[in-house]
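To keep things clear, I will list the structure first and then write my remarks on it.
The values are calculated or read from the model by the stated rules, or taken from the named source; none is laboratory data. Please read these numbers as outputs of a predicted model, since none were measured by experiment. Cβ: placed from backbone, ideal geometry, glycine included. Neighbour counts: every protein chain shown. Only protein heavy atoms, including side chains, enter the accessible area calculation; ligands, DNA and RNA are left aside. Shrake-Rupley method; radii C 1.70, N 1.55, O 1.52, S 1.80 Å.
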Amino acid sequence: MKLTLKVWRQESGAEEGHFEEYLLEEVGPEFSLLEALDKLNDDLVARGEEPIAFDSDCREGICGACGVTVDGTPHGPQKNTPSCRQHLRSFEDGATVQLEPFRSGAFPVVKDLAVNRSALDRVIGAGGFVSTSVGTAPDADAIPVTHEAAEWALDLAACIGCGACVAACPNGSAQLFAGSKTMHLATLPSSSKERGRRAKGITRAAEEEFGPCSVYGECAEVCPAGIPLTAIAGLNKEKLRQVLRNKDD
Amino acid sequence: MTATIQRKQRTSAPPRTRLPVSNFAAKTTMAVTGLIFVGFVFVHMYGNLHIFRGQEEFDHYAHWLREILMPLMPYAGVLWVLRVVLLISLVLHVGCGLLLWTRARRARGPFKRTGLRRGDALMARSMLGTGLVILLFVIFHILDLTLGVQPAASGAFESGSAYANLVASFQRPVVALFYMLTMLVLTVHVAHGTWTAANDLGATGRRLRQLAAWVAGLVAIAICLGNISIPVLVLLGVIQ
Ligand code: HEM
Ligand code: SF4
Ligand code: FES
């Protein structure tokens, strides 16, 4: 099949960007979006042109490195699927597809389709970790955790930190990301020792870097980890709890 | 997530002098004041339905509002407490709404999100616009039916004759139309607002979230239908 790719080209964060059109031939519906970009880059290099910069690593939806905006939608047309697992079969033969970097104030472009998402790391640095000593692994049932709680914590821990939720948000909010990071730790006994401190730190950092949440719900539509909208209420709940108790735990 | 990052380099806009109000505080204020409004508008709609019991009942109801807790409170005392609470809520709600809106636009940066098609997202996007229409309506509504200031009020306005004033007001088609349009706008604002408030106040339980979604929709529709029925029946000549 054939596609026309309208790709955002930008030399660096300091320079203006623009769209450029490329004809992509000899690709098939089974190509992933990133394989299509690889193919285009091979063509570009063969012609002596500068290849398109974009991020990727695992290419199987587990690392969170990839992320481009496809026709205005972060990651692409297939819901809850990372860019690396989007396929050309989503597009009509001969279609024009627009590829942009993830757009948000907190994600400056590094080059072409690659953006700097370290604002997410700073949110984690402000509280998305466990600093209490939990010793060696306890006996299996020493600290009771219900099956439901364990499953729920795992569901929320599935976030791969790709930042698509931010790019999907008209407010530039990272509430889904921050909510999943706060809530999965709040759900389990050992990590919940620092609930208050964590809620405070994460909320403060998320507010410094990102926008407020108005519950558009666009984040949960694109999230490749399927983090539910409940996570955004979870962050508010944890913060409210911290404000009312004013304690570290 | 790794790849292309420079961990230390600040990526967001340099911290500007911000109002010392966190987004969390602003959102919680929005939620609480918003829910006060929802409660008020719902009860107000229920009170308005007294119109179907005829002139005497309706005027009596308007008068009764001023006599609640009468020996304990002075005449119109409870009414004034309500008015003050609502006014303070309105100032806070609109102030926080504008604050959050400007912060949101700044955080998104120069490339607006495009291609929003889901109902939820469209309602969320409409919050400032629908809110401002409601604000204009509230001002008009008070001038028309509470204070009787012309030209907002009809020529026949007479203080104390709630029923006659309301009917005379709605007999002007433009006023009835503005009222009906505002009610549609209010439906959207209340539906999404109530759902947002549930999220802002930390509703995480599965059943609680289901309940909040249902209450948001049903309350919004009830307010809309209850209120809209009045100008419609005035225009049809059923209420005279
Ligand atoms: C009777 C009138 C009103 C009712 C019942 C109402 C109700 C609500 C509720 C419940 C919310 C959700 C609060 C939250 O974010 O948690 C809300 C949000 C909002 N309201 Fe109102 N409101 C009213 C009037 C207004 C007015 C006059 C404005 C004028 C600007 C306004 C602007 C907004 C905005 C912008 C939001 C969204 C805030 C955000 O989530 O970013 N509202 N409203
Ligand atoms: S919540 Fe979902 S969309 Fe957001 S960073 Fe995590 S995996 Fe990506
Ligand atoms: S490259 Fe790892 S999730 Fe897409």
* With +1 on each Lys and Arg Cβ and -1 on each Asp and Glu Cβ, and nothing else charged, work out how big the dipole of chain A is about its Cα centre, in Debye to the nearest 20. => 1460 debye
* **Heavy-atom accessible area ranking, 1.4 Å probe, most first, across A:70, B:215** => B:215, A:70
* For chain A, which span is the longest to avoid every loop-located (per DSSP) member of trypsin sites (Lys or Arg not before Pro) having at most 13 other Cβ atoms inside 10 Å? -> A:80-246
* **Length added when fully stretched, residue A:6-residue A:145, from 0.36 nm per residue minus Cα-Cα** => 45.0 nm
* Asked: In the range A:12-115, which GluC sites (Glu not before Pro) fall in coil by DSSP and have 16 or fewer other Cβ atoms within 10 Å?
  -> A:15, A:16, A:25, A:26, A:30, A:49, A:60, A:92
* To do: Give the span of the range A:59-122's Cα atoms along each principal axis, as three whole-Å numbers ordered largest to smallest.
  => 41, 23, 17
* **Rounded to the nearest 10 Å², the accessible area of residue B:169 at probe 1.4 Å** => 0 Å²
* Under 12 Å Cα-Cα from residue A:193, which aspartates and glutamates qualify once same-chain neighbours fewer than 8 residues away are excluded? -> A:248, A:249
* Structure fact -> Dividing the surface of the Cα convex hull of the protein assembly as shown by four yields a projected area in nm² of 30.2 nm²
* Structure fact -> Heavy-atom accessible area per residue of the range B:21-123, all protein chains kept, 1.4 Å probe, expressed in Å², is 59 Å²
* Structure fact -> Label model pair residue A:131, residue B:87: point-to-point distance (7 angstrom along the Cα→beta-carbon line) in nm is 4.8 nm
* Asked: Extent of the range A:15-56 along each principal axis, from alpha carbon coordinates, in Å, largest to smallest?
  -> 35, 22, 18
* **Spin-label proximity, residue A:57 to the range A:161-198 - amide N less than 13 Å from point 7 Å beyond Cα toward beta carbon** => A:161-163
* To do: Kindly sort B:116, A:23 by accessible area of their heavy atoms, largest first, with the probe set to 1.4 Å.
  => A:23, B:116
* Derived scalar couplings ³J(HN,Hα) [the range B:121-134; Karplus, 6.51 cos²θ - 1.76 cosθ + 1.60; whole Hz; x for Gly, Pro] -> 5, 5, 5, 4, 5, 7, 4, 5, x, 5, x, 5, 4, 4
* Structure fact -> Extend 7 Å from the Cα of residue B:102 along its Cα-to-C-beta direction; within the range A:100-121, residues with backbone N under 20 Å of that point are A:105-106
* Structure fact -> Counting other chain Cβ atoms within 10 Å of each Cβ in A:215-223 and taking the mean gives 5
* Asked: From largest to smallest, what semi-axes in whole angstrom does the range B:76-217 give when each is the square root of 5 times an eigenvalue of its alpha carbon gyration tensor?
  -> 34, 19, 16
* **Volume per residue of the C-alpha convex hull in the range A:180-244, rounded to whole Å³** => 90 Å³
* **Net +/- balance of residues flanking residue A:19 in space, Cβ distance below 13 Å, scoring K and R +1, D and E -1** => -4
* To do: Run the numbers on chain B and let me know its relative contact order in percent, using alpha-carbon pairs under 8 Å that are six or more apart.
  => 25 percent
* Structure fact -> Checking the range B:60-105 for trypsin sites (Lys or Arg not before Pro) in a loop per DSSP with at most 16 other beta-carbon atoms within 10 Å yields B:66
* Asked: How big is the range B:67-129 in terms of Cα radius of gyration and Dmax, in angstroms?
  -> 19.6, 60
* Percent of accessible area on the range A:3-114 owned by carbon and sulfur, 1.4 Å probe? -> 44 percent
* Asked: Rounded to the nearest 20 Debye, what is the dipole magnitude of the protein assembly as shown about its Cα centre when Lys and Arg each give +1 and Asp and Glu each give -1 at the C-beta?
  -> 1620 debye
* Asked: So, in Å, what gap is there between the alpha-carbon centers of the range A:192-240 and the range A:31-102?
  -> 28 Å
* What is the magnitude of the charge dipole of chain B about its Cα centre, with +1 placed on the Cβ of each Lys and Arg, -1 on the Cβ of each Asp and Glu, and no other charges, expressed in debye to the nearest 20? -> 2200 debye
* For the protein assembly as shown, what proportion of DSSP beta bridges, expressed in % and rounded to the nearest 5, is antiparallel? -> 75 percent
* Whole-Hz couplings from phi, Karplus 6.51/-1.76/1.60, listed for the range A:145-159; x for Gly and Pro -> 10, 5, 4, 4, 5, 5, 5, 5, 4, 5, 4, 6, 7, 6, 3
* **Per-residue [θ]222 nm for the protein assembly as shown (sum of -39500 (n - 2.57) over DSSP H runs n ≥ 4, rounded to 500)** => -16500 deg cm²/dmol
